[in-house]
Every structure is written in structure tokens, then in C-alpha cells.
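The values are calculated or read from the model by the stated rules, or taken from the named source; none is laboratory data. From a predicted model like this one, the values you see are computed outputs, not experimental measurements. All Cβ positions, glycine included, derive from the backbone under ideal geometry; neighbour counts span all protein chains shown.
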Amino acid sequence: MQNAVIATLSSAEQCQRACDALKRAGFTSDDISLLMPDEYGASELGFLKRTKLLQGVAIGLTLGLIVGLAFSYVAASRYIGVPEIENIFTNSPAFAALATVALCAGIAGLIGMLVGASMIEYVVKKYERRAVMASTLMSVHVDNMTELRVAEKVLKGEGASELGIIGEDHRRKNKVRFAPAAG
């Protein structure tokens with residue numbers, strides 16, 4: 001019967017402790033396999049495609065507010081010379097000023113949104129190696145159920161985060177059974 005106990009370990013120190021404990025329990029170096037992240041490899045980069053939509057909206061709203069306030073001030077001071085607009089500001093100056101500011105801010109914000117959406121920005125993001133490849137996979141090859149139980153006990157004792165058993169069964173090949181390790 002060919003079986004293997006597999007586990008994930010979170011650090012190189014934890015792997016070293018688990019290997020030492022397995023060797024003390026009677027396993028040889030040929031029985032233990034490790035799949036570890038490459039600490040010296042190239043760093044992972046990710047490219048994100050984004051637009052400047054939010055920046056465009058913010059700039060458009062700000063400019064719209066400024067233009068709206070300036071237009072409201074000019075209209076309220078009667079410098080425009082259009083009697084209909086001057087009457088609106090004379091009858092209800094606060095409402096007219098707010099409406100003008102809102103209209104200008106809305107139009108400029110919409111224009112800023114359209115311009116910002118058309119501006120594409122590529123952002124390069126460097127991922128931390130430990131966040132991408134934080135764990136090590138350990139496999140312990142066992143020949144019988146006694147060795148299987150010993151390997152499971154040792155790995156649980158060393159704090160393996162997940163344990164699984166891969167083995168041959170006469171009825172089904174490559175039977176995989178995973179169970180979370182009890183701390």
C-alpha cells in the first residue's frame with residue numbers, strides 16, 4: 001500500500017522543525033518531500049488597467065463649482081445686462097445661486113467624467129512574495145497505517161495548517177482525503 005501524508009506549513013523554520021521531528025520518529029530523508037517557494041526568484045508584477053474617471057469627476061465638479069459661483073456673483077451684481085437673468089437673481093438670489101452652481105458643477109462633472117474615462121492608466125503593482133507564496137507543501141511517504149498515523153501526529157504537533165492523505169485503494173486510485181489539522 002503506497003500512501004503519502006501531505007501538509008502545508010507556513011514558514012521555513014516550521015518545515016525544519018517538522019523534518020527533524022519526522023526523522024526522530026523514524027522516517028528517512030527519502031520519505032520526506034518539500035515543495036517550497038523560491039526566495040531568490042524574480043518578483044511578481046501585476047499590471048492593472050485603470051482609468052482616471054474619479055479624478056476627472058473631482059476636477060470637473062471643482063471647476064464647475066468655481067464657474068457657477070463666479071457666474072452667480074456676476075449675475076447677482078447685475079453686470080450681465082440680460083433682464084430675464086437679472087430678474088431671477090433679484091427675486092430669489094439664494095435659490096438662483098444654488099441652481100447655477102449645481103448646474104455648472106453637474107455639467108463640468110459630466111465632462112470631467114467623460115474625459116477621465118478616456119484616459120487609461122497602467123499601474124504596475126509589485127506583489128509581496130510572502131503574500132503570494134506563503135506556504136510550503138510537505139509530503140511524507142508511508143508504507144503502512146502505523147507510519148501514516150505517526151506522520152499525521154508529528155505534523156499536527158508541528159502546527160501543519162492542513163493535512164491530507166493521498167493513497168492507493170484497491171477500489172479507487174488516487175484517493176485524496178483532506179482534514180483541517182487540529183491545533
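Numbers for the structure displayed
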quantity: Pairs where the first residue, in the range 1-28, is more than 10 Å from Ala160 (Cα to Cα) and the second is of a type outside the set (Lys, Arg) and assigned to a loop (DSSP other than H, G, I, E, B), C-beta under 6 Å, 6+ apart; calculated: Gln2/Glu168; Arg17/Glu158; Ala21/Glu158
quantity: Residues of the range 1-22 that turn out to be aliphatic (A, V, I, L, M) and under 11 Å from Glu158 (Cα atoms), as a count; calculated: 5
quantity: Test: residue in the range 18-36 that is closer than 29 Å to Val115 by Cβ, in a loop (DSSP other than H, G, I, E, B) and modelled with pLDDT of 75 or more; calculated: no
quantity: Some residue of the range 171-183 being modelled with pLDDT of 80 or more and of a type outside the set (S, T, N, Q); calculated: no
quantity: Matching residues, the range 134-156, being surrounded by fewer than 16 Cβ atoms within 10 Å (Cβ to Cβ) and among the small types (Gly, Ala, Ser); calculated: Ala134
quantity: Helices (runs of 4 or more DSSP H) enclosed by the range 89-168 - at least 2 residues per element that are assigned by TED's automatic domain parsing to the domain that holds Ile66 and modelled with pLDDT of 80 or more; calculated: 93-118
